[in-house]
1. Within the range 22-62, list the residues whose amide N lies under 16 Å from a label point set 7 Å along Cα→Cβ of ASN365.
2. Using only protein heavy atoms and a 1.4 Å probe, report how much of ARG255 is accessible, in Å² to the nearest 10.
3. What is the distance, in nm, between label points placed 7 Å from the Cα along the Cα-to-Cβ direction at LEU319 and at GLU60?
4. With a 1.4 Å probe and all protein chains kept in place, how do THR92, THR48 rank by accessible area, largest first?
5. What FRET efficiency comes out for ILE341 versus ILE9 if R0 is 25 angstrom and r is the Cβ-Cβ distance? Round to the nearest 0.05.
6. Between LEU28 and PHE79, how many nm apart are label points set 7 Å from Cα along the C-beta direction?
7. Quickly work out the CYS201-to-LYS268 label distance, labels modelled 7 Å from Cα along the C-beta direction, and quote it in nm with one decimal.
8. Using a/c under 1.5 as the rounded threshold, could you call the range 52-179 rounded, prolate or oblate? The axes a ≥ b ≥ c are square roots of the C-alpha gyration tensor eigenvalues, and prolate needs a/b larger than b/c, oblate otherwise.
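The values are calculated or read from the model by the stated rules, or taken from the named source; none is laboratory data. Predicted model, so just to flag it, every value in this text is computed and none were measured. A quick note on method: Cβ atoms are made from the backbone with ideal geometry, for glycine too, and the neighbour counts reach across all protein chains shown. The area values use the complete protein model at the heavy-atom level, side chains included, leaving out ligands, DNA and RNA. Shrake-Rupley method; radii C 1.70, N 1.55, O 1.52, S 1.80 Å.
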Amino acid sequence: MGFYFLITICFSTICICGNSKYIKINSLVAFRFISLVLILLGGLRWFTGTDWIPYQWYFEGNYDWASFNKNGFEKGFAFLNFFIKHISESYTFFLLIFHALVIIPKICFLQKNSVYPLFSLFLYWLFYCGDIFAVRQMLGVSLLIISIPYISNKNIKPFLLLTILATLVHRACFFWILAYHIYHLMFSKRKWAFILFLSFCAMIISPYVLPKIVHIIFSPLGAYGTVFEKILFYTDEYTEPMSTPLKLIFSLIKRFMILPLFLLSFNKLVSISKYNRGMLNLFFAGNVFYLLCFLTLQQFSRLLVPFLFFEVILIPSYLKTIRTKCGKELFIIFILLYAFIKFYFYLSQFNEVLIPYYSIFGYQNRFI
């Protein structure tokens with residue numbers, strides 16, 4: 001785990017220097033340097049990451065379109081593998097291209113829309129490990145994230161195109177279709193606070209009600225082999241709720257550390273950027289869905305990834321609303337503590353496949 005914290009220290013030093021009055025580092029150069037390092041960390045890893053075996057075998061074990069298309073992955077992801085395989089049979093080459101496609105759209109969005117881009121980039125590293133262990137859903141999320149300007153301008157055709165492309169990469173991205181309506185909601189902070197409160201109350205009774213509702217709605221459709229089959233699967237007896245009170249408490253604490261801050265400063269946040277109201281709507285809606293599914297449909301959390309991503313932009317926006325220097329410093333300490341805990345728990349959860357970090361320059365087969 002030391003390697004990851006060394007990278008974190010290096011990134012934090014660069015970000016601090018990029019915003020310092022005393023040590024001059026061009027912030028744009030710093031931003032691009034960190035972005036390049038993230039792509040290289042993702043592209044040059046070996047035997048490191050969740051789902052390493054199925055992804056590696058899928059790329060290396062198939063050669064023609066028929067074989068790529070029949071192995072269970074979505075057609076968009078299958079085509080990406082098929083296309084790159086005909087350029088190079090190197091899985092490292094595939095990973096470099098894949099991580100560039102995942103990371104570049106997100107960092108471009110952060111650079112253009114965050115009031116403190118380096119701070120957002122650092123949070124992107126701590127919250128998501130900078131997508132250096134990205135799976136295909138993260139590519140779909142990147143396509144969805146860049147649809148925000150089209151949603152904001154009510155340009156529905158590019159939005160639908162990007163949503164369809166993302167869904168062809170990972171089926172969970174179909175849920176983003178709701179984002180077009182949610183983004184334009186004109187709810188006040190009181191209404192969102194009330195909805196979140198109701199969601200918390202509904203979370204308590206959801207183990208008894210929600211699975212039955214999902215079965216009633218989707219069972220008659222008979223959509224065997226589609227995403228609805230997965231929905232039904234995730235509500236059957238094999239789907240387990242949160243197993244320990246500690247996990248329940250910690251996950252709720254993570255939510256309710258940030259949500260009250262955004263609600264209290266709602267109007268100020270909205271005034272900072274033309275996208276902030278829409279991103280707040282998406283973030284609040286993502287948390288509403290998360291609470292509703294929290295105790296019973298944990299697998300549904302993957303549907304909410306693009307909705308919750310905007311946290312890395314909204315947190316720096318909140319920092320801008322704080323007027324006093326002491327207040328800003330306390331908030332940064334608070335957020336970094338929150339982010340480091342989240343970072344540590346993520347690495348600990350998958351320590352067998354993430355620690356240590358192996359690259360093509362030195363590795364052991366941890367999967368034997």
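1. It comes to 46-48, 52-58, 60-61, nothing else.
2. Spelled out: ARG255, probe radius 1.4 Å, area about 40 Å².
3. That separation, rounded to one decimal, is 4.1 nm.
4. Most to least solvent-accessible, the answer reads THR92, THR48.
5. The pair ILE341/ILE9 has a calculated efficiency of 0.90.
6. Taking the two extended label points, one gets 3.4 nm.
7. Roughly 3.0 nm, to one decimal.
8. Oblate, because a/c is 1.5 or more while a/b does not exceed b/c.
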